[in-house]
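No value in this document is a laboratory result; all are computed from the given coordinates. All values reported here derive from a predicted model rather than from experimental measurement. Every residue, glycine as well, gets a Cβ built from its backbone with ideal geometry; the counts of neighbours run over all protein chains shown.
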Amino acid sequence: MSKRTVEEKLAQSLTAESIELIPYLPYLLQDLWELGSSPEDMLEMITKHLRVSAETQALDLGCGKGAVSVNLAKELGCKVKGIDLIPEFIAFAVDKAQEFGVGELCEFAVGDITAAVQTEKGYDLVILGAVGDVLGNTEETITLLKNTVKKGGYIIIDDAYGNDETDPRYPTREGWLTVFNRTGVRLIDEKVIEDEELVSLNNQQQALIGKRANELKRKFPEKAHLFDGYLRSQQAECAALEKEISGVTLLLQVID
Ligand SMILES: C[S@@+](CC[C@H](N)C(=O)[O-])C[C@H]1O[C@@H](n2cnc3c(N)ncnc32)[C@H](O)[C@@H]1O
């Protein structure tokens, strides 16, 4: 395991370069609900491959503001537990679940997912959507996620394939397949995000975040470098997703 702290990984999972930015993230991201994963893509995969009933229990680790959890409960009628470290995100998720009429199906909790993977067990489906390497490298992540689901249960990960072998954080598709073999999971489906879709979504989100960053710059001029840095790293991540890596949603099934 790397020596980065939970806070450093948290900041990185939201593309912040420094932990100094963490207190400002709820303000910067207040106009967004989806923080990384596409609830539509996940729903489509689940509907295609899983038999979901009112008894189905899903766990959404690093659920952010609950966009995936709430949509799953609303569209499929299953139970979902979402866990995230940022209390403002969890409060937002609770409100959204009420707004969508699925407050009874959704449970949201503030918590550290590196601890939750040790105690949460027996789910039919676990989701790790755009959370990065908070749980470790690819192999460590899948091994920990496997512990939370039943035998034959499912794992959905939104991450990225490296386009070549230059960056160890992003294995190539072949690299991921090797890890699936080693960890006893089977790739059931995958959806690589289209560049056009990504650029259009990124432009929309950048505009919203940029407006909030400007407000913060006016209020805290001495921290302008922090907010400018955030906008730059958001753009850099999008550029990387267009060139060096390909964002992908993976559906895996636990086989042993
Ligand atoms: C890019 S966001 C994705 C949120 C959500 N899955 C979605 O797709 O909308 C990454 C999330 O991981 C959460 N996170 C990072 N490290 C965490 C940890 N150790 N425990 C719980 N949540 C964590 C962040 O607070 C953030 O909400």
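Below are the figures for this structure:
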{"read-out": "Percent antiparallel among DSSP beta bridges (both partners in the chain, rounded to 5)", "value": "45 percent"}
{"read-out": "Cα convex hull of the range 105-237 - mean projected area over all directions, nm²", "value": "10.9 nm²"}
{"read-out": "Magnitude of the charge dipole, the range 130-256, Cβ model with Lys/Arg +1 and Asp/Glu -1, debye to 20", "value": "680 debye"}
{"read-out": "Backbone N under 13 Å from the Asp256 label point (7 Å along Cα→Cβ), restricted to the range 153-189", "value": "181-186"}
{"read-out": "Ser200-Glu44 FRET efficiency (beta carbon distance; Förster radius 22 Å; 0.05 resolution)", "value": "0.75"}
{"read-out": "Selection from Gln234, Tyr170, Gly152 lying farthest towards where the dipole of the chain points positive, charges on Cβ", "value": "Gly152"}
{"read-out": "Point-charge dipole on Cβ atoms (K/R +1, D/E -1) for the range 1-144, about Cα centre, debye to 20", "value": "300 debye"}
{"read-out": "Sparse-neighbourhood loop sites, GluC sites (Glu not before Pro) in the range 182-256 - DSSP loop, at most 16 other Cβ within 10 angstrom", "value": "Glu194, Glu244"}
{"read-out": "Two-site FRET efficiency, Ala91 against Glu140, from Cβ-Cβ distance with R₀ of 30 Å, rounded to 0.05", "value": "0.50"}
{"read-out": "Dipole of the range 5-131 [Lys/Arg +1, Asp/Glu -1 at C-beta], most positive-end residue of Pro87, Ala97, Thr47", "value": "Thr47"}
{"read-out": "Spin-label model distance (nm) - Glu237 vs Lys150, 7 Å beyond Cα toward Cβ", "value": "3.4 nm"}
{"read-out": "Interchain or long-range residues, amide H under 5 Å from Ile127's placed H", "value": "Leu59, Asp60, Leu61, Ile156"}
{"read-out": "Electrostatic dipole magnitude of the chain [Cβ: Lys, Arg +1; Asp, Glu -1; Cα centre; debye, to 20]", "value": "540 debye"}
{"read-out": "Flagged links, alpha-carbon separation over 29 Å, of Lys81/Lys217; Lys96/Lys191; Lys65/Lys121; Lys79/Lys211", "value": "Lys81/Lys217; Lys79/Lys211"}
{"read-out": "Two-site FRET efficiency, Glu55 against Gln30, from Cβ-Cβ distance with R₀ of 51 Å, rounded to 0.05", "value": "0.90"}
